[in-house]
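I have placed the structure first, in the form of structure tokens, so that the comments after it can refer back to it.
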Amino acid sequence: MTSRRNFITGAAMAGAAAVSKAAMGAVPEAPQQSSAATVPPPPPPNGRPYNPVVTPNGWSLPWRMKDNVKEFHLVAEPVVREIAPGMKANLWGYNGQSPGPTIEVVEGDRVRIFVTNRLPEITSIHWHGQLLPNGMDGVSGLTQPPIAPGKTFVYEFTARHAGTFMYHPHADEMAQIGMGMMGFWVTHPKDPRQHAVDRDFVFLLNAYDIEPGAYTPNVNTMLDFNIWTINSRAFPGTDALAVRKDDRVRIRIGNLSMTNHPFHIHGHRMEVAGTDGGWIAPAARWPEVTVDIGVGQMRALEFTADAPGDWPFHCHKSHHTMNAMGHDVPNLIGVDHRGVARKINDLVPGYMVMGDKGVSMGGMRMPLPENTLPMMDGQGPFGGIEMGGMFTTIKVREGLARGDYRDPGWYAHPQGTVAREWTGPAPEPVRAAAAPAAPDEPVANVKRGDGHTMHDGH
Amino acid sequence: MSAHRHKRAPQRRHRTAPATLCAAALASALLAGCAGVTPDHGFAGVADSTRERIGATPRLAQDAAAAQELQEIVRAELAAPLTMDGAVRVALINNPGLQATYWNVGIAQAELAQASRLPNPALGFQRVSGQGEVEIERGLNVNLAAVLTAPLAARLEARRFDAVRREVGAAIERHALETRRAWIEAVAAQQSLDYARRVHAAAEASAELAARMRGAGNIAGLDLAREQAFQADAAAALARSGRQVTAAREKLTRLLGLWGQDTQYTLPERLPDLPDAPAELRDVERLALARRLDVQAAKADAEATAASLGLSRTTRFVNVLELGYAGKSERSAPSMRGYALSLELPLFDWGGARVARAEATYMQALQRVADTAVTARSEARESYLDYRSAYDLAAHYRDSVIPLRKRISHEVLLRYNGMLASTQALLADSREQAGAVNAYIDALRDFWSAQAALQAALGDRIDMPGAQPMPPAANRHEDHQ
């Protein structure tokens, strides 16, 4: 791991040194961001006005205007991203972060983007979803020569259609996207009132395979990812989406992982307001509580935050709301450990029975390998949320200030609105009469829990 | 030696020949101090040199009282777990085979004492009568050659006595080495058995867990059978390990010469720890040449053959020299007295063949010394290198393999904690750790065995390796070569 890191750093330094000062003088500054905190964007300082988006755990890239062209400067480079407190990853990204900064432009903007490669290998950038001249499409080998390490390329085109877009390399994608090279792109409508919402969030879904105890994703992994992330953050590292009650909220999601993600909202019904192709006419929008976002797709979801509270918003694939768990851990559910646990404990001091009643740790914290997140460690006001990965909360509150995206803390429930323990006599459950088994039907080896409560030997 | 007949020996008196008396007195003077049988049967010297060389004192069970005393010493030694040195101490006083060997010293001493004594003179008397004549012959005969050669013979016997003492010393050292090895094997086998038990326990726990999982409907019969097969193999390995323990312990018991109740002795649970550093011996070859009994024996043998060559040269004629008193008296004639002397004329046999044989034997002995020295040097080098590499290997296990295995086990447990690894993975790791520990025990066993072999090859103790870089023996004996 160390040697690979050194290799990357060394190569990156060589790349940086190779950028000539004369060339750098002509290009705009490349701002850097190393914090994983959400940076609420300022209103646009120049150019056409627009309502800026918020990138949870991310930021938007400043630009400079030159001859009426918006000039951005992206630097592709190795970065260290905190996936969640307690875990850092050696990733590749842009301008100090993975994902790279969100690029916000306005429909009709002339855009010039300088791309400097400080990676140890060639790269390119593809502007996912943009309609642009073929030579600006960023496919190395096909539409342009690759950007060699240390070189700076420039892309220039007009952002023709308002909508939701992404950027990512189209060179060695398996490694480069697998290492976290991606970013969001929003083209705002010319008329800021068009499709205007109160809060507009954007994030990318990505996944990594980082061996527990390691720091660098395995770029050869095809499907068995173990870290499922929103903007390269895993719950409980994901920032909550703070929303004022009755705000019209938009969440734009791009999927750059290798599988689909059915995103599910609690307490609200949302509708799909935009796709990769653009905005959907209001009459054609689908009301949903779960929206599946396919690989390489983007969706803009909208809802009115009319229900105060702390509402989960998460991928509905249950293993995507968990952090790393072993793929070949056998199922111990319902397995009685009495007696055998002590035997194992004699051989392996420190052994504790787990998994015999389910995978919940019940708030138990145990030492883990270095740089490894607990599977389900999110904590809430009532205890363990037992979630990880692609999970965040939408915190709907009365009277939040416009532009205030700070976490308002846990929701204070009005009296009598929280589920509680029933202490009266339990009503008799109604059961269907048991159907007799067919004579030749194999009898499943089913055991009901016998209710033993203590792990033996501990 | 033949008696001489003297006709009509004088009846009144006779006197011993002055020459005979003279020779006898000379021989007695030469032999003074060499002769005699000591109460310890000559074993004290052997015991002393052994104590110095192997750190344990052999004792001769020369009578019932001594046997009783030795028995008590043995019992005291067996009361606590038997150490490696303790095992050697017990073996040296308790092994009957070794005790039998000890008596060789007594036998050799007795033979030396025998050789140191002058042969008894022979008195001859003969009376013949007939026709009025009586003829009496008297003769006092001493085997003059035996008298003359007695000092040399005694020296030869003394050398033989020395050789026997060395042989017995060598037997003791061999026995001590075998005992050390057997002790090391027995303790290591016992330790390995503990680890076989651990492996089996892990396999058993794994199989039991698998059976529970099967019972809960979580795994297939195939997986259960695989776990049970593994446990069955581990049980076989455990049984094999138990046999190994029995064999190793019985071998040790034999070398200790124990039987009956005494076989219930206990051994330490573990081999001694690896020393912090191996012994640094700068000149093992010189040490070996100075200290090894086989080298000393070869040298002594050459010296002995040199002496016997000298003897052959000086006695090439003398051994046929016979000297006697002669006296003759006849009733009809005055008594006569005188002596008789016969001397072989070296016309046909000049003794050259005997001398040549002795010379050849001497040259052979010299070459044997050289050969023994070459072998001793080589064995010293080999056993020292073996000792060092055995140390390095054991240290490698202690300093690298075992800590890494522990690290791995710790990491696997952390992964288990995070539900990143299974219970079976934990148990499999515990088995692998046991295997590594077992390999370390093997390496440690090889080290102690190599150390014992090195001691034998150098004929010296290597106490507290590292603490004593150069045994003082090396200095004591450096002028031997």
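The values are calculated or read from the model by the stated rules, or taken from the named source; none is laboratory data. No experiment lies behind these values; they were computed from the predicted model shown. Cβ sites come from the backbone with ideal geometry, for glycine too, and all protein chains shown count toward neighbours. The accessibility values were calculated without ligands, DNA or RNA, using every heavy atom of the protein model including side chains. Shrake-Rupley method; radii C 1.70, N 1.55, O 1.52, S 1.80 Å.
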* Quick one: what pairs do we get from the stretch A:336-351, first residue more than 7 Å from every other protein chain (Cβ to nearest Cβ), second part of a helix (DSSP H, G or I) and modelled with pLDDT of 80 or more, C-beta under 6 Å, 6+ apart or different chains? -> none
* Report the residue count in the stretch A:319-331 for those that are open to solvent by less than 10 Å² (accessible area, probe 1.4 Å) and facing chain B (nearest Cβ under 7 Å). => 1
* Go through (1) without any contact (Cβ under 8 Å) to a residue 24 or more places away in the chain; (2) within 14 Å of chain B (Cβ to nearest Cβ); (3) within 28 Å of A:R81 (Cβ to Cβ) and name the single condition A:G409 misses. => (2)
* **Some residue of the stretch B:420-432 being surrounded by fewer than 15 Cβ atoms within 10 Å (Cβ to Cβ) and more than 30 Å from B:N143 (Cβ to Cβ)** => no
* Asked: What strands (runs of 3 or more DSSP E), lying completely within the stretch A:83-130, carry at least 3 residues that are open to solvent by 10 Å² or more (accessible area, probe 1.4 Å)?
  -> A:87-94, A:110-117
* Lone qualifier among B:R405, B:R445, B:R415, B:R461 - being in contact with a helix residue (DSSP H, G or I) (Cβ under 9 Å, 6 or more places away or on another chain), at pLDDT below 90 and not assigned by the TED database to the domain that holds B:F230 -> B:R461
* Asked: Taking the condition exposed (fewer than 15 other Cβ atoms within 10 Å of the Cβ), touching a helix residue (DSSP H, G or I) at 6+ places or on another chain (Cβ under 8 Å) and in a helix (DSSP H, G or I), does B:I93 pass?
  -> no
* To do: Please verify whether the stretch B:314-322 includes one or more residues that are in a strand (DSSP E or B), away from chain A (no Cβ under 14 Å) and either at pLDDT below 80 or surrounded by 13 or more Cβ atoms within 10 Å (Cβ to Cβ) (or both).
  => yes
* When you look at A:V295, is it of a type in the set (V, I, T), outside any helix (DSSP H, G or I), exposed (fewer than 15 other Cβ atoms within 10 Å of the Cβ) and touching a strand residue (DSSP E or B) at 6+ places or on another chain (Cβ under 7 Å), yes or no? -> yes
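Kindly indicate the residue of the stretch A:255-287 that is in contact with a Ser or Thr (Cβ under 7 Å, 6 or more places away or on another chain) and farther than 17 Å from A:V197 by Cα and also surrounded by the fewest Cβ atoms within 10 Å (Cβ to Cβ) among those meeting that condition.
A:P262
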* To do: Would you mind telling me which numbered condition in (1) outside any loop (DSSP other than H, G, I, E, B); (2) more than 13 Å from the chain's Cα centre (by Cα) B:D40 fails?
  => (1)
* Asked: Are any of the residues in the stretch A:295-305 among the aromatic types (F, W, Y), facing chain B (nearest Cβ under 9 Å) and out of contact with any Pro (no Cβ under 6 Å at 6 or more places or on another chain)?
  -> no
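Would you pick out the residues in the stretch A:278-295 that are free of Cβ contacts under 8 Å to residues at least 40 places away in the same chain and over 12 Å from A:F313 (Cα atoms)?
Result: A:I280, A:A281, A:P282, A:A283, A:A284, A:R285, A:W286, A:P287, A:E288, A:D292, A:G294.
For every residue, the table says whether it meets (1) surrounded by fewer than 20 Cβ atoms within 10 Å (Cβ to Cβ); (2) outside the structural domain of B:S422 (by the TED database); (3) aliphatic (A, V, I, L, M); (4) outside any helix (DSSP H, G or I).
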residue: B:R155; (1), (2), (3), (4): no, yes, no, no
residue: B:A158; (1), (2), (3), (4): yes, yes, yes, no
residue: B:V168; (1), (2), (3), (4): no, yes, yes, no
residue: B:R181; (1), (2), (3), (4): no, yes, no, no
residue: B:I184; (1), (2), (3), (4): no, yes, yes, no
residue: B:A203; (1), (2), (3), (4): no, yes, yes, no
residue: B:A211; (1), (2), (3), (4): yes, yes, yes, no
residue: B:G217; (1), (2), (3), (4): yes, yes, no, yes
residue: B:A236; (1), (2), (3), (4): yes, yes, yes, no
* If you take the residues of the stretch B:186-199 that are in contact with a helix residue (DSSP H, G or I) (Cβ under 7 Å, 6 or more places away or on another chain) and open to solvent by 30 Å² or more (accessible area, probe 1.4 Å), which of them is farthest from B:E227 (Cα to Cα)? -> B:Q190
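Going through the stretch B:408-419 one residue at a time, which ones are buried (at least 21 other Cβ atoms within 10 Å of the Cβ) and within 7 Å of another protein chain (Cβ to nearest Cβ)?
Of everything in the stretch B:408-419, those that are buried (at least 21 other Cβ atoms within 10 Å of the Cβ) and within 7 Å of another protein chain (Cβ to nearest Cβ) turn out to be B:L413, B:R415, B:N417, B:G418, B:M419.
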